[in-house]
Amino acid sequence: MPTIYQKQYQSMEIPLQYNANQVEQKWYDYWMQNDYFSSKPDHRTPYTIVIPPPNVTGILHMGHMLNNTIQDVLIRRARLQGKNACWVPGTDHASIATEAKVVAKLKAEGIDKNKLSRTEFLEHAWDWTHEYGGVILEQLKKLGCSCDWNRTKFTMDPDMSASVIKVFVDLYNKGLIYRGYRMVNWDPEAKTTLSEEEVEYVDQEGKLYYINYKIEGSSDTLTIATTRPETILGDTAICINPNDERFNHLKGKKAIVPICDRVIPIIEDDYVDMEFGTGCLKVTPAHDENDKTLGDKHQLEIIDIFNDDATLNSYGLHYEGKDRFDVRTLIVKELQSLDALFKVENHTNRVGISERTKAIIEPRLSDQWFLKMEDLAQPALKAVLEDETVKLFPKRFNNTYRHWMENIRDWNISRQLLWGQQIPAFYYGDGADDFVVAETIENALQLAKDKYTNPNLTEHDLKQDSDVLDTWFSSWLWPISVFDGINNPDNADINYYYPTNDLVTGPDILFFWVARMIVAGLEFKKEVPFENVYLTGLVRDKQRRKMSKSLGNSPDALKLIEEYGADGVRVGLLLSSAAGNDLLFDESLCNQGKGFANKIWNAFRLVNGWEVTDIEQPESSQIAISWYQSKFQSALTEIEDNYDKFRLSDALMTIYKLIWDDFCSWLLEMIKPAYQQPIDSKTLADVKAIFEENLKILHPFMPFLTEEIWQLMENRTADEALIIATYPEARKFDVKLISDFEILKEVVSGIRTIRKDKNISFKDAIDMAVINNDSFSSDYNSIIEKLGNVTAINEVNSAPDRALSFRVNSNEYFIPIAGSVNTEEEIEKLQAELTYTQGFLKSVQAKLSNDRFVNNAPAAVIDNERKKEADALAKIETISASLQNLK
């Protein structure tokens, strides 16, 4: 039975042009209605991809477009190959980004987050998530992404959160998670800690301030150098190197901090570099990691001068409540007025910036939760670099992976936020160890009773840790938790789909996400989570700039789809030229993709419009069909090799050339019937079968166009849709036939060139002779005659008179021109061309005879000059032969 979509064309002509806007939603709805995207465990080989979950706050940008196009290409190919293709979609709760969005919304409504209870804030967060979150998944449908939407997961789903809590408890019980008072990276805008990997380090132009401190009981001073004069209010010591003779007179004395007049000790430690700065070091244990180490060693007081938003607290004296950078300006002026500022120099400083908010990081002492990573990292390091159970593409990222994993630090997994999985630690007293870790408060109560030996404890006596877990602590479980492999480790889904096959993501999260997923997979499933990791690059503009809103160089993804069609955009992205691992996006390539769609559509209309009759198949069509079948198989081998190497752009380009050049420009020209004449049924059946094979290999890249043509070619049932058709099988092919046709193409091009240059109409049949030195098979003459409108090809032993010639390999072809062109004008024209070519050859040979040039020029340049020489010699020979024939 025909589909409803075929019926609409039964009473009307197929449109002249392909209209993506009318076609794409129609076929996406059809695929969804027929449940082609869904996957359940069965007897087939699974092919599984888990989507890198975009932030629930996100909208579709060019990076998403590239990443998800690649994933869809891989999943559609696997589906055609008969595998049980499962692409799991979902979103990440993105603690910092989402909480910031919710806080901004509350602020706009006149609501202060700090006046809400945790429960009240989370109600607002869930309301926001339900209203705005997940938009990006709907946008991915416009791109054609064939995810199993029934499996859509969110990292804050109840079962996903339960997985995270279970893993935390498990790792704590193994002694791998601990609580420590440490110097951490504090984001004063998000008001939370960050792991070291979430901090970007950049060079900034700043100042180095030289400040004088008075010596207690003396008129002497000492000078320190600092980039952060505002932190002097937290100084608790001055440190000198005991071996620095310049400061022997300061040993055992005390200094006075300017402005606050705090008296602090002058301590000695060989940590101080005598060559750096003034040789005197201010020690601020609360605001510098190295200072904290010195402070612990010398038992110094710790004075934290900052609030959580990096304004100064009461230790900031009259600067209380002011921002740290405003205070820097003000405190410098005050130091000048006190005659305590010795000098100021320009200085380049390396500054840590929050990857998420771009705020400058503030080192801060805080109680935090950490995961020990050194032992966990070793199996993951071995899996990639030794066993290669996980392969990175491109392989050069192995070095990046090695660097991260060999220099791994304990992971700070706690965040001072409300949106996220709340840390399952429950406090029952004021002591540092008065807590228990459990999945539920009921379990926690029993543990607390046992630990505290107090049977009278109740749940009301327990207070849960207010921090939440780092978002990455949920997403590192993604390939396991989406199949409920933590809560139910032996369920049918996890046993069938895990480990997954391929992961497509960006190199910027190679450590944040990819490495940690490998760690988690080996720890909790004893298997790596995926076999291959394809690391895409950044999408840049033609000027190699990173796309951003501020530069105005990031196009609207949905508008691109509206203008060029999803298929056109997919092709445009994958045809964009590579710049290292990055892609230089050029919108004109989307137009090229749209043009490719129209080319294929026109080819379909041509084939579909032929009248068919039961006549004998011409020899030319039979040979042409055999050639294309071999050419297709040759291309298929190349395409599959590129897939294996994750060179999807190269695979697409091979398909593009096969269909545009070999199919449309050559095969259809070879087999099409004469004007207003019918085609034989055998050739039409063959070319339709070929067309269908073309659609199958193109479908992963251009799913909408290919399904539309596929459904129009025949009446198809739902079980015969292209999306679930059978991928072409590799077969042996005739290499000689392919190489012979390359010669044939050159012969036809030679004929067409002479026709064009001499203004000989294609409607006018011509004769042709050949000196067949190559023994080129006359079996191909029928095709040459058809494509060149040649009446006959005669083999001769010598050049005929009054004929133009061209050479293909060792064969020389002659086209008599008596009566077709003005012989005298042609001789004059050829003579001028010969003179020019001889002059060109002379200049090239002069270069090649110059020893200085030959000895110093790069090999590629010399090879290019030698090729010019060979081409010029061949051209001179051909022109001379033509002149001889004309005379």
Do any residues in segment 287-310 that are under 18 Å from Ala359 (Cβ atoms) have Cβ atoms under 6 Å from those of residues that are basic (Lys, Arg), where the two are at least six apart or on different chains, and which pairs are they? Asp308/Lys191; Ala310/Arg324
For the condition surrounded by fewer than 14 Cβ atoms within 10 Å (Cβ to Cβ), out of contact with any helix residue (DSSP H, G or I) (no Cβ under 6 Å at 6 or more places or on another chain) and under 30 Å from Phe483 (Cα atoms), what is the one hit in Lys546, Lys526? Lys526
Are any of the residues in segment 466-474 modelled with pLDDT under 95 and surrounded by fewer than 19 Cβ atoms within 10 Å (Cβ to Cβ)? yes
Only residues that are closer than 30 Å to Ala635 by Cβ and either in a loop (DSSP other than H, G, I, E, B) or in contact (Cβ under 8 Å) with a residue 40 or more places away in the chain (or both): list them for segment 747-769, please. Val747, Val748, Gly750, Ile751, Thr753, Phe762
Considering residues of segment 526-547 that are part of a strand (DSSP E or B) and β-branched (Val, Ile, Thr) only, the residue nearest to Thr500 (Cα to Cα): Val533
His124 open to solvent by 20 Å² or more (accessible area, probe 1.4 Å), touching a helix residue (DSSP H, G or I) at 6+ places or on another chain (Cβ under 9 Å), under 30 Å from Val571 (Cα atoms) and not aromatic (Phe, Trp, Tyr): no
The listed residue being assigned to a helix (DSSP H, G or I) and modelled with pLDDT of 90 or more, out of Leu744, Leu834, Leu830: Leu744
For segment 16-36, does any single residue satisfy the condition of being open to solvent by 40 Å² or more (accessible area, probe 1.4 Å), at pLDDT below 90 and not small (Gly, Ala, Ser)? yes
If you take the residues of segment 77-107 that are closer than 18 Å to Ser38 by Cα and of a type in the set (Gly, Ala, Ser), which of them is surrounded by the most Cβ atoms within 10 Å (Cβ to Cβ)? Ala85
Exactly one of (1) under 36 Å from the mean Cα position of the chain (by Cα); (2) touching a residue at least 40 places away in the same chain (Cβ under 8 Å); (3) open to solvent by 20 Å² or more (accessible area, probe 1.4 Å) is unmet by Glu374. Its number? (2)
Restricting the search to segment 837-887, which residues are among the basic types (Lys, Arg) and not in a helix (DSSP H, G or I)? Lys887
Has segment 583-592 got any residue that is touching a residue at least 60 places away in the same chain (Cβ under 8 Å) and among the charged types (D, E, K, R)? no
Only residues that are crowded, with 21+ Cβ neighbours inside 10 Å and not aliphatic (A, V, I, L, M): list them for segment 475-497, please. Ser475, Trp476, Trp478, Pro479, Ser481, Phe483, Gly485, Tyr497
Taking only pairs six or more apart or across chains, which ones have beta-carbon atoms under 6 Å, a first residue in segment 243-259 that is under 18 Å from Asp270 (Cα atoms), and a second residue that is open to solvent by 30 Å² or more (accessible area, probe 1.4 Å)? Asp244/Met274
Identify the residue in segment 249-300 that is of a type in the set (S, T, N, Q) and at pLDDT below 90 and, among all such residues, is nearest to Lys333 (Cα to Cα). Thr278
Anything in segment 396-430 that is among the basic types (Lys, Arg) and either modelled with pLDDT of 95 or more or not in a loop (DSSP other than H, G, I, E, B) (or both)? List them, or say none. Arg402, Arg415
Among (1) crowded, with 16+ Cβ neighbours inside 10 Å; (2) in a loop (DSSP other than H, G, I, E, B), which single condition is Gly321 missing? (1)
Here are some residues: Ala383, Ala359. Which one is of a type in the set (A, V, I, L, M, F, W, C), out of contact with any helix residue (DSSP H, G or I) (no Cβ under 8 Å at 6 or more places or on another chain) and either touching a residue at least 60 places away in the same chain (Cβ under 8 Å) or over 19 Å from Lys207 (Cα atoms) (or both)? Ala359
Of the candidates Ser414, Ser366, Ser354, the one satisfying the condition of being in contact (Cβ under 8 Å) with a residue 24 or more places away in the chain, open to solvent by 10 Å² or more (accessible area, probe 1.4 Å), out of contact with any Pro (no Cβ under 6 Å at 6 or more places or on another chain) and farther than 26 Å from Asn532 by Cα is Ser366
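The values are calculated or read from the model by the stated rules, or taken from the named source; none is laboratory data. Here the structure is a predicted model, which means the values were calculated and not measured. All Cβ positions, even for glycine, are placed from backbone atoms using ideal geometry, and neighbour counts span all protein chains on display. Side chains included, ligands, DNA and RNA excluded: accessible areas come from the protein's heavy atoms. Shrake-Rupley method; radii C 1.70, N 1.55, O 1.52, S 1.80 Å.
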